[in-house]
Amino acid sequence: MQKEFEDSSLFKLSHPFLMVKSMDIAIITGASSGLGKVFFEKVVERYPALDEIWIIARRENKLKELANQYSDRNIRVIPLDLSDTKSIEMFDEMLKTQAPNIKVLINNAGFDRAGLFREMSRKDIYSLIDLNVTGTTMISRCCLPYMNKGSYQIITGSIGSFAPLPWRAVYSASKAYVRFFARALHEEEHKRGVNIMLLSPGKMDTEMFHQNSNGGGNMDIQPYLNLNQVTVKAMKRAEKGCATYTPMLFYKMYRLIAKVVPSALLVKFISVENTVPRE
Ligand SMILES: NC(=O)c1ccc[n+]([C@@H]2O[C@H](COP(=O)([O-])OP(=O)(O)OC[C@H]3O[C@@H](n4cnc5c(N)ncnc54)[C@H](OP(=O)(O)O)[C@@H]3O)[C@@H](O)[C@H]2O)c1
């Protein structure tokens, strides 16, 4: 382990004379592709002392493929739809039964649909809010009681939370929720030594980006992030207790602009940028 966590694991009393140490685990949601998949690979490398790594997404076959690449490690494949409250309840029960010590939580699963809001299907609107808002919140709620001093959680937000995004109205609103949620949790949890860090990535070459690139709007001026660099830096910063991480100078500048320019004005500029015709 690059940086040893403080040993503050919970101990289960399974017998009056026998104290059993809880297993140390990492949990990654949205691990079947994109950013979550790279997070999983970096967690495997960075924390060799973990007893188990739990990976969550809907596509079980993808998760199994990933787990098979690391046969020397205990990878638990957990196929769940995190937009479904029944899945959240099952996950909660699993945690109650195992009572692990969650050292690392990468709360990352997310969904995006670009396009005019009035044309968006009701199903997509519900799925987006159920996953990005409710799922992200409830994963945190289920896990935090099993996180102890020295543990951290990275919550994946988006630069889409810095200002309202036309053609991504529901997505940017959901990530604005995530930003407020993560920052508030940071203040609540750092007092007991659990760090909550908001990661706000810009454009990434993942399934999500490609599924949405024709939905309207224009993201051509935005540079792609390097997922290997982003994930390792994010983990280093989370270990140090940072509250936020926005990778790349280009997006840091955007965050700064969004802080000083009123959102009523910024949204007009984003609208203009978004209506530039595609080639
Ligand atoms: N790509 C970008 O440009 C970009 C920019 C800023 C922020 N982000 C954020 O980065 C995070 C990761 O996205 P990505 O870019 O890596 O996209 P991705 O490749 O599409 O990954 C999304 C992950 O979430 C999982 N997921 C989706 N719906 C789920 C559900 N209902 N239940 C459980 N898991 C579900 C997917 O797995 P299954 O399909 O197998 O369930 C997949 O593993 C998201 O929170 C996204 O909002 C992305």
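Miscellaneous remarks
- Filter result for residue 113 (over 15 Å from the mean Cα position of the chain (by Cα) and part of a loop (DSSP other than H, G, I, E, B)): yes
- As a summary of the residue check, residue 184 satisfies the conditions (1) more than 9 Å from the ligand (Cβ to nearest atom); (2) buried (at least 18 other Cβ atoms within 10 Å of the Cβ); (3) of a type outside the set (Ser, Thr, Tyr) except for the one numbered (2).
- Qualifying residue in the stretch 146-155 (condition: out of contact with any Lys or Arg (no Cβ under 8 Å at 6 or more places or on another chain) and either in a helix (DSSP H, G or I) or surrounded by fewer than 18 Cβ atoms within 10 Å (Cβ to Cβ) (or both)): yes
- Of all residues making up the stretch 84-96, the number that are exposed (fewer than 14 other Cβ atoms within 10 Å of the Cβ), within 15 Å of the ligand (Cβ to nearest atom) and not β-branched (Val, Ile, Thr): 3
This table checks each residue for (1) surrounded by fewer than 22 Cβ atoms within 10 Å (Cβ to Cβ); (2) free of Cβ contacts under 8 Å to residues at least 60 places away in the same chain; (3) more than 11 Å from the ligand (Cβ to nearest atom); (4) not in a helix (DSSP H, G or I).
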position	(1), (2), (3), (4)
118	yes, yes, yes, no
127	yes, yes, no, no
139	no, no, no, no
191	yes, yes, yes, no
197	no, yes, yes, yes
205	yes, yes, no, yes
209	yes, yes, no, no
221	yes, yes, yes, yes
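- Each residue in the stretch 47-70 was checked for being more than 21 Å from residue 152 (Cβ to Cβ) and among the aromatic types (Phe, Trp, Tyr), and 1 of them qualify.
- Residue ID - surrounded by the fewest Cβ atoms within 10 Å (Cβ to Cβ), chosen from residues in the stretch 47-83 that are of a type outside the set (Ser, Thr, Tyr) and near the ligand (Cβ under 7 Å from one of its atoms): 59
- Test: residue 24 is over 21 Å from residue 241 (Cα atoms) and either more than 8 Å from the ligand (Cβ to nearest atom) or modelled with pLDDT of 95 or more (or both): no
The values are calculated or read from the model by the stated rules, or taken from the named source; none is laboratory data. These numbers were taken from a predicted model, which means no experiment stands behind them. FYI the Cβ positions are ideal-geometry reconstructions off the backbone, even for glycines, and counts take in every protein chain you see.
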